[in-house]
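What follows is calculated from the coordinates using simple rules that are stated; it is not laboratory data. All values reported here derive from a predicted model rather than from experimental measurement. When we count neighbours, we look across all protein chains shown, and the Cβ atoms used for this are built from the backbone with ideal geometry, even at glycine.
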Amino acid sequence: MIHVSCFMICVIGEWPSGTASASGAEDRRSESFLPSQDHYYIYMFYIKTKVKASKINGLGLFTGQDISKGELVYRHNPNLDLILTQNEFDLLEQAEQALINHYGYREKVTGNYRLDHDDIRFVNDSNTPNIGLDISSGDLIALIDINQGEEVTQNYSDFENRRLV
């Protein structure tokens, strides 16, 4: 049996703000604030972010900096995510399936279930999103200028069939 509850841990490591990365360049990875308010960095975002209460739905992801239209926001790393076939999903307990259905999604192309390892799961759905898929690179980029403190939103139909919720 596959258990996914421990997979929800998204903290990879600490990365002090404003420090240089191993390459010597200023680090632009995501700064995510957990309930303890300790600073942690999630390595898939290229912008500073904060998870907090959303007017759209439950929790949302908010910018910690101004973002320019076209700027790289997020680069997906499928090696870090949980990806399950229908058969694997069916073997999960009901509570685990509910967790994946809430925080994850079913991929449009493959039909597999996907649970992302990081705070991308807090990006809420919008018909007028401010980030979207760059088809040429597969990255998520800013579709418009986004001001610090604004909620990051994406149109879920870019990657999954519309949910009937």
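Whose amide H sits under 5 Å from the amide H of residue 47, counting only residues 5 or more places off or on another chain, with H placed in the peptide plane?
Amide H neighbours of residue 47, under 5 Å, 5+ apart: 30.
Hey, got a sec? Which trypsin sites (Lys or Arg not before Pro) in region 87-165 land in a DSSP loop and have at most 13 other Cβ atoms within 10 Å? Intermediate results must be reported in sequence, preceding the final value.
Working: sites: 106, 108, 114, 121, 162, 163; in loops: 108, 162, 163.
Loop-located and lightly packed - 108, 162, 163.
Measure off 7 Å from each Cα along the Cα-to-Cβ vector at residue 72 and residue 59, then give the distance between these two points in nanometres to one decimal.
Placing both labels 7 Å along Cα→Cβ, they lie 2.6 nm apart.
In terms of modelled amide H atoms, which long-range or inter-chain residues lie less than 5 Å from the amide H of residue 139?
134
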